Amino acid sequence: MPQDSSDLPPGARVLFVRLSALGDVIFALESVASLKAERPDVLIDFLVEDRFAEVLRDQQGIDTVLQSPRRRKLQLPGFLWRLRRRRYDAVLDLHGILKSALHVWMTRAPLKLGYTAPGAREGASLVYNRKVPLPSPLPHRAERGYYLLQALGLRGARHAPLLLGGDDFDTAQRRGVILHPGSSAFAAFKRWPLDKFAELARRLTERDLPVSVSFGPGEEGLAETLRRAVPAVVPIDGRGLGLLGLARQIQRAQVLVAADTGPLHIAAAVGTPVVALFGPKDAELYGPRGMQQRVVTHDVPCRPCRRRRCASPQCILGVPVDRVEANVQELCSG
């Protein structure tokens, strides 16, 4: 589609809104890449919660990262008023909840785009003056932003995310396997059992594969338990590295093994092959987007589901070590 057929004037300034979570912020980079590829003249800002802002730092295609102060909530009113003073031609709400819609409402953009239900919740669509329906069944979270771009008269074609896109990295230097046993405490029921991670680590080290365990805040105990069970495992402390530092460590690995959590999607975005351990969530909607990926599940009648907690999540507890090991070996040998 030619450039002048869209609703964006030359040199337009566009704001993407995706406040959280880490995986969804990374998914949103696909839409940023798509817009920038089609309209390189457009200036793009990205609004995200402060806890995830670092992962967008120095990213190709993003001019300014705006940080909504989740960690400093008393600063939110002042931030919203500063946001109101900025000028945008269009604001795209990829989050679709009341909190993100509040930020959209505070802008004075003539075009405010977001989804209709069920893509938007909590009445968020009341704020948008261009409401965009999503197809049924719902597409992958990373693909939903393309529909907003198409509503602007753009192609909205799929593009790979840009995380660490400017790094000159030789993939031949990749070595070893990183295990990430943690997840947010809120999503702890999605974790694969630690004893299975330990058994996987034993098998891999017996094959002379270097094995590391990565962890973030609150996950220190998981990493230490795994290291005690398999002393050859090397810890990677994401707390000191930060999100981009962790991303660079992951980029150097042959394979990352993790449940549905932020580091899994970081790995896919930097081109590291992944073995994704999916329990309750539907990989068709939330799965990794990399070129080399293996999704391992254990099917039970209630899977997938949208529950926030489960007393006995057999969907993840039942994932066998043998299948995970086989997928790791296949990716390492490929």
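The figures follow:
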item	result
Matching residues in segment 224-243 - criterion: being in contact (Cβ under 8 Å) with a residue 24 or more places away in the chain and in a loop (DSSP other than H, G, I, E, B)	Val230, Ala232, Val233
Members of segment 94-114 that are in contact (Cβ under 8 Å) with a residue 24 or more places away in the chain, touching a helix residue (DSSP H, G or I) at 6+ places or on another chain (Cβ under 7 Å) and closer than 15 Å to Phe16 by Cα	Leu94, Gly96, Ile97, Ser100, Ala101, His103, Val104, Met106, Thr107, Arg108, Leu113, Gly114
Unique match (being aromatic (Phe, Trp, Tyr) and either in contact with a helix residue (DSSP H, G or I) (Cβ under 7 Å, 6 or more places away or on another chain) or assigned by TED's automatic domain parsing to the domain that holds Leu243 (or both)) among Phe52, Phe79	Phe52
Residues being of a type in the set (A, V, I, L, M, F, W, C) and within 20 Å of the chain's Cα centre (by Cα) - total across segment 185-212	6
Test: residue in segment 244-262 that is surrounded by fewer than 24 Cβ atoms within 10 Å (Cβ to Cβ), without any contact (Cβ under 8 Å) to a residue 12 or more places away in the chain and of a type in the set (Lys, Arg)	no
Among residues of segment 12-62, those that are of a type in the set (Asp, Glu) and at positive phi, counted	1
Index of the failed condition, Arg85 passing every other in (1) in contact with a Ser or Thr (Cβ under 8 Å, 6 or more places away or on another chain); (2) of a type in the set (Lys, Arg); (3) surrounded by fewer than 17 Cβ atoms within 10 Å (Cβ to Cβ)	(1)
Selection from segment 310-324 of residues that are closer than 18 Å to Glu199 by Cα, assigned to a helix (DSSP H, G or I) and in contact (Cβ under 8 Å) with a residue 12 or more places away in the chain	Ile316, Leu317, Val321, Arg323, Val324
Residues located in segment 197-223, provided they are touching a Pro at 6+ places or on another chain (Cβ under 8 Å) and either in a helix (DSSP H, G or I) or more than 21 Å from His265 (Cα to Cα) (or both)	Phe197, Leu222, Ala223
Residue, surrounded by the fewest Cβ atoms within 10 Å (Cβ to Cβ), within segment 267-283, restricted to residues that are out of contact with any Leu (no Cβ under 7 Å at 6 or more places or on another chain) and assigned to a helix (DSSP H, G or I)	Ala283
Enumeration of residues in segment 215-226 that are crowded, with 17+ Cβ neighbours inside 10 Å and either β-branched (Val, Ile, Thr) or more than 17 Å from the chain's Cα centre (by Cα) (or both)	Glu219, Leu222, Ala223, Leu226
Checking Glu284 against (1) under 19 Å from Asp322 (Cβ atoms); (2) out of contact with any strand residue (DSSP E or B) (no Cβ under 6 Å at 6 or more places or on another chain), the condition it does not meet	(1)
Residue in segment 259-281 that is nearest to Glu219 (Cα to Cα), counting only those that are of a type in the set (Gly, Ala, Ser) and touching a strand residue (DSSP E or B) at 6+ places or on another chain (Cβ under 8 Å)	Ala259
Meets criteria (modelled with pLDDT of 95 or more, in the same structural domain as Asn327 (by TED's automatic domain parsing), over 30 Å from Gly114 (Cα atoms) and not acidic (Asp, Glu)) for Phe189	no
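Table: residues versus (1) crowded, with 16+ Cβ neighbours inside 10 Å; (2) modelled with pLDDT of 95 or more; (3) within 15 Å of the chain's Cα centre (by Cα).
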residue	(1), (2), (3)
Glu143	yes, yes, yes
Arg158	no, no, no
Phe169	no, no, no
Ser183	yes, no, yes
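The values are calculated or read from the model by the stated rules, or taken from the named source; none is laboratory data. Given the structure is predicted, the values throughout are model-derived calculations rather than measurements. Please note: Cβ atoms are built from the backbone with ideal geometry, for glycine as well, and neighbour counts cover all protein chains shown.
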